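To keep things clear, I will list the structure first and then write my remarks on it.
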Amino acid sequence: MHPITCNEPFFNTLKKKHITQYQLINQYHVSAGQLSRMRSNTHISTHTIDMLCNILDCQVDEILCFYKSN
């Protein structure tokens, strides 16, 4: 049984905060690889989650959601 994460809230938060992926890369020095992993719902580190929450001034649930798989 593996947990399922969903990064859809991240993209909604970006839109709400009027911040683009381009800005994250060029202004805030978020790696393009991290954003690629966010787009594909693959592993991201807790460091990345912390960094994004600080940049976007938001809580973890505004970055990702977690579902227990059956």
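The distance between label points at residue 43 and residue 23 comes to 3.1 nm (points 7 Å beyond Cα on the Cα→Cβ vector). Taken along its principal axes, the alpha carbon cloud of the chain reaches lengths of 40, 22, 17 Å, longest axis first.
In a reduced charge model with +1 at each Lys and Arg Cβ and -1 at each Asp and Glu Cβ, region 14-70 shows a dipole moment near 220 debye about its Cα centre. Accessible surface of the chain, 1.4 Å probe: 54 percent of it comes from carbon and sulfur atoms.
Using 0.36 nm per residue, how much length does the chain from residue 36 to residue 16 gain when fully extended, once their Cα-Cα distance is taken away?
So the chain would gain 5.2 nm between residue 36 and residue 16.
The values are calculated or read from the model by the stated rules, or taken from the named source; none is laboratory data. Remember, predicted model here, so these are calculated numbers, not experimental data. Neighbour counts run over all protein chains shown; Cβ positions are idealised from the backbone, glycine included. Just the protein is used for accessible areas: all its heavy atoms, side chains included, with ligands, DNA and RNA removed. Shrake-Rupley method; radii C 1.70, N 1.55, O 1.52, S 1.80 Å.
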